[in-house]
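Report on the following structure.
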Amino acid sequence: MIPAQSLVLNALLRAVHFSGLRKVVGRSRWRSDRILILAYHGFSKRDEHLWSDLYVEPSWFCRRIEFLRKEGYVPLSLDQLVDYLRGAEIPERSVVVTIDDGFHDFLKFAFPILSSSAIPATLYVTTYYVCHHLPVFDPALSYLMWKGGGKRFSLPWEKQGLLAPARGDHVARSRLHAGLRATWQALGISTEEKHATLLNVGKAFGVDMDEFLAERMFGLLSPEEVENCAVGGIDVQLHTHRHRVPFDDQLFANEISDNRRRLQGIMRTQRPLKHFCYPSGEYHESSPSVLRTLEVETATTCEFGYVTRSSNPLLLPRLLDSMTISEARFSAWLAGLMGVRYRRG
């Protein structure tokens with residue numbers, strides 16, 4: 001059941017949206033001295049948006065980008081955001097578009113939309129699976145468990161069979177997935193073993209894994225595709241090599257250095273790699289200081305909010321946009337009406 005206060009807020013936001021008041025607020029001095037960073041992750045090739053709100057339909061994303069253009073919002077690069085933090089003036093209604101991870105679906109769907117709209121965007125690329133041309137095991141396994149909801153399956157490192165929770169039971173599936181992740185990490189399961197496991201689980205659930213692989217479901221960009229994105233105007237930036245933020249500062253620094261070295265080897269543009277996104281929004285108290293030693297200028301989180309001149313450049317908030325966010329709520333964020341900062345979770 002939706003809380004009464006949420007119903008009231010939604011009704012208020014719809015009223016503001018359709019009254020045109022959002023345009024007045026959007027040009028206010030309060031909004032003009034703030035930047036909203038938008039964050040996206042995956043773009044559905046099949047039905048991934050029904051599995052996770054980190055995925056969106058390409059047609060829906062196209063409408064979001066068209067909304068920015070129609071409403072007169074001004075997309076900036078992260079370099080321009082740095083200038084703003086250092087005191088430079090910015091246009092009214094400034095936004096920044098970011099995409100996490102570097103999945104193949106970005107190139108297939110989002111890249112053409114952004115290019116045709118001439119919108120600058122940053123793509124944070126994690127590189128381990130760029131070098132290993134396989135589906136990313138963690139999200140792929142979670143998706144397959146969703147596809148097989150209510151069916152039994154087995155894993156080599158589990159002594160007994162497991163039951164995939166019903167499709168609608170997101171909490172149970174997340175709990176099971178977290179437990180399995182802890183186990184395979186503790187056992188040090190190899191990439192090859194993970195891939196073989198993925199194929200077996202998919203087949204157990206009746207998924208055509210040949211088609212799954214052919215469509216590059218949950219596959220990252222190839223090195224050539226990363227370079228093509230960079231040449232095509234996308235600002236490719238840092239996201240760690242193995243999509244993790246270790247507690248140990250040296251291991252964290254190694255993750256970024258490995259990520260940077262591989263991206264530099266891939267791209268011919270020689271664009272400075274100085275912007276970073278925390279994988280899954282995870283960071284520790286010492287994370288910003290580690291980034292400073294590596295000459296990283298900005299780092300984005302998964303905390304919702306606006307960037308102001310007093311923001312810590314290495315702990316920048318964003319709006320994780322999704323299909324669960326209505327157009328009225330999205331326009332309220334763009335206009336500066338959603339002033340509360342909170343953590344996604």
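The values are calculated or read from the model by the stated rules, or taken from the named source; none is laboratory data. Treat the numbers as computed from the prediction; the structure is a model and nothing was measured. We place every Cβ from the backbone using ideal geometry, glycine too, and count neighbours over all the protein chains shown.
Points worth noting:
- Residue within the range 94-102 that is under 28 Å from TYR128 (Cα atoms), touching a residue at least 24 places away in the same chain (Cβ under 8 Å), in the same structural domain as LEU337 (by TED's automatic domain parsing) and assigned to a helix (DSSP H, G or I) present: no
- Test: PHE212 is in a loop (DSSP other than H, G, I, E, B) and among the aromatic types (Phe, Trp, Tyr): no
- Of all the residues in the range 263-293, those that are within 20 Å of the chain's Cα centre (by Cα) and charged (D, E, K, R) number 2.
- Residues within the range 295-329 that are at pLDDT 95 or above and in a helix (DSSP H, G or I), tallied: 0
- So VAL226, is it in a helix (DSSP H, G or I), hydrophobic (A, V, I, L, M, F, W, C) and at pLDDT 95 or above: yes
- When the range 235-254 is filtered for residues that are in contact with a His (Cβ under 7 Å, 6 or more places away or on another chain) and among the aromatic types (Phe, Trp, Tyr), only PHE247 remains.
- The residues on offer are LEU263, LEU273, and the sole one that is modelled with pLDDT of 95 or more, crowded, with 20+ Cβ neighbours inside 10 Å and assigned to a loop (DSSP other than H, G, I, E, B) is LEU273.
- Residue ID - farthest from the chain's Cα centre (by Cα), chosen from residues in the range 64-78 that are over 16 Å from GLY336 (Cβ atoms), in a helix (DSSP H, G or I) and in contact (Cβ under 8 Å) with a residue 12 or more places away in the chain: ARG69
- Qualifying residue in the range 228-244 (condition: over 24 Å from LEU315 (Cα atoms), buried (at least 16 other Cβ atoms within 10 Å of the Cβ) and assigned by TED's automatic domain parsing to the domain that holds THR293): yes
- Remark: ALA253 falls outside the filter, which requires a residue to be touching a strand residue (DSSP E or B) at 6+ places or on another chain (Cβ under 9 Å), more than 25 Å from ARG69 (Cβ to Cβ) and outside any loop (DSSP other than H, G, I, E, B).
- Filter pass, ALA186 being within 28 Å of THR301 (Cβ to Cβ), surrounded by fewer than 15 Cβ atoms within 10 Å (Cβ to Cβ) and among the hydrophobic types (A, V, I, L, M, F, W, C): yes
- ALA186 being in a helix (DSSP H, G or I) and at pLDDT 95 or above: no
- Enumeration of residues in the range 116-128 that are surrounded by fewer than 22 Cβ atoms within 10 Å (Cβ to Cβ) and either touching a Ser or Thr at 6+ places or on another chain (Cβ under 9 Å) or in contact (Cβ under 8 Å) with a residue 60 or more places away in the chain (or both): PRO120, TYR128
- The residues in the range 200-221 that are surrounded by 14 or more Cβ atoms within 10 Å (Cβ to Cβ), at positive phi and out of contact with any strand residue (DSSP E or B) (no Cβ under 6 Å at 6 or more places or on another chain) can be counted, and the count is 1.
- Residue in the range 146-171 that is nearest to GLU48 (Cα to Cα), counting only those that are modelled with pLDDT under 95 and part of a helix (DSSP H, G or I): HIS170
- Residue that is among the acidic types (Asp, Glu), closer than 28 Å to LEU294 by Cα and either surrounded by 15 or more Cβ atoms within 10 Å (Cβ to Cβ) or more than 20 Å from the chain's Cα centre (by Cα) (or both), where the choices are GLU158, GLU224, GLU192: GLU224
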